[in-house]
Each structure stands twice: as C-alpha cells, then as structure tokens.
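What follows draws every value from the coordinates through simple rules; no lab data is involved. What you see is a predicted model, and the numbers here were worked out from it, not measured in a lab. Note: ideal-geometry Cβ built from the backbone for every residue, glycine included; neighbour counts use all protein chains shown.
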C-alpha cells in the first residue's frame, strides 16, 4: 500500500476537530465552512488509508483507535512547524537564534536558575547553551568562541579582546568545620598559614601563575567548588566560599565562619558581564546582562 503525504493544513484540521469536539466547532475556530472541514478530514483519511473518526451512531465525531494512535504524532508535527515559524519570525526581528552563556562558579545557583527560568519564558525561540566554569576558564571560553556572553569574576584582568560591564558581587567568607583549629576564638596572626587551605584552581592557563587569597603554603587545588564544599564540611581544611552557598551550613553548625586576623575573602567577589568586542549583542543577550545585574546588585 502506497500512502500519500498529508498536508500541514489537513493535520491542523484534524487537531481542530479533536479539540473542538465537532466539525462545526472546528469550522468556527478556523473560520471555514463545515464542508471544508469534512473535505479536509476525508482527504487526510485517504492519504493515510485509515479512518480517523467514527461518524455513525454518534452526533459528535469520536476518534477511532487509529485516530487515537496518530493524534500524538499529528500534534508533534504541527508543534515543530509552529516552533520553526516562531524562530523564523524572531530572526527577521533581529532576535538571536541561540546564545552561549558561560557563568562563573561563584554565581549563586539560585540566581542562575531564576534568570534562566525567566529567560526561557521571555525568549522561547532562542536556544541557550550553558557552561559553568571557574576563574580564568570563564574568559578562556570566550576567547575560544565557546561562549557569546560570560558572567565572570575579578580574576579575569582587562583584556583587549573583551568588553566588560560590572554587574554585582558575591560575598566570600572563610569557613571551616566547627572542630577545626582555626574555628577557635582569638586565632593568632599567621596561624592560618599552618593549616591546609582548600583553594579553587583554574582549569585554564588564562591566570596561570596567579594566586588569589592563598595564605597557606600547604594547599589542595580543586577545580570544582562543590568538591571544595564537601571537603570543608569534612574538616579537611579551611577556605573561602560564597556566603550564599554555605548559609545553611553556618545556620546548622556544619561549618563556622572564621575570624582570621588576615581577613581573607573580606572583599566582595566582583562579577562582570564579558563579551568579545567583535560581537554585537542581540536583544536576548542584553536581557541576560540586565537580569543578572538586577539579581546580583549590591
């Protein structure tokens, strides 16, 4: 048996009859005559060589087993075409088809989740790819053209290839497990250098040879902030963490904020939006900058 090729219009008529529950309802919804709806269904049934609706013994069309089986596929086809048309209209209006975003690991996860949830609602036709990186690896993604926009920290020095816009800051606090020696009151100056410091390490060569708030000669370098968090709670060292990430631990006593004479991490971790100077920001990318600034403003 050789099947025909159903048209998009025939599929839309089929779905309209299902949604409205009658040929007359579908005709009113689509602004057509009932005869045109009946003809469209008859043509679709002929193309597919199946009966889609039981018409006898009921005043309303009832889906046959074949109709039920094809309903999901018909919706899928029309949804994809609708998405294609929406994206095409967006391209004609200057909206980006996709945005590649790189975010510093220090940005609170709650902030990232809120902004991206709102982004998907605001720009449903824009495909978004996301990378979470630390320190210089954020800038490296931009240089390698693996990102269109980055939200990066102060470790990225001014670079001639980048435009940079300050958008906010994250508070860093030195913490350790409650039984750690540095958790005691009245810690003497220099005592922090005698204990293992857990340090976030740069997985790129962008900031190679640079140290950021490293006091102890004995340190473990970790490329993952989550791993650092876990080791701190296990009492395997001390280190700076974003306050938002350890607030619950401080409240529950799993970690304590250290009062060190050197005050490491006392200054805020400044965050900036970064993009290549040869890149023209579109509406969706510009919206992301504004949204992160609103959430991270100090």
Virtual spin-label span in nm between residue 201 and residue 72, 7 Å along Cα→Cβ: 4.7 nm
For peptides 43-53, 185-195, sequence by mean Cβ density within 10 Å, most packed first: 43-53, 185-195
Spacing of the two label points (7 Å from each Cα toward its C-beta) at residue 79 and residue 179, in nm: 5.3 nm
Mean Cβ count within 10 Å, highest first, over the residues of peptides 223-234, 142-153, 269-280: 142-153, 269-280, 223-234
Pairwise label distance in nanometres, residue 54 with residue 259, each label 7 Å out on the Cα-Cβ vector: 8.0 nm
Computed lengthening from residue 62 to residue 161, 0.36 nm per intervening residue step minus Cα-Cα distance: 29.3 nm
Max mean-square fluctuation residue, GNM over the chain, Cα-Cα springs under 10 Å, options 286, 201, 22: 22
Pairwise FRET efficiency - residue 42 versus residue 270, Cβ, R0 = 45 Å, nearest 0.05: 0.10
Förster radius 35 Å - calculated FRET efficiency between residue 32 and residue 144 (Cβ-Cβ, nearest 0.05): 0.05
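When the helices in the chain are scored as -39500 (n - 2.57) per DSSP H run of 4 or longer and the sum is shared across all residues, what 222 nm value do you end up with, to the nearest 500 deg cm²/dmol? Mind showing how you got there, number by number?
On the way: 9 runs with 119 residues, N = 298.
My calculation for the chain gives -12500 deg cm²/dmol from helical runs alone.
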GNM flexibility winner over the chain from 165, 251, 197 (Cα, springs under 10 Å): 251
Computed lengthening from residue 247 to residue 280, 0.36 nm per intervening residue step minus Cα-Cα distance: 8.0 nm
Fraction of antiparallel bridges per DSSP, the chain only, in percent to nearest 5: 55 percent
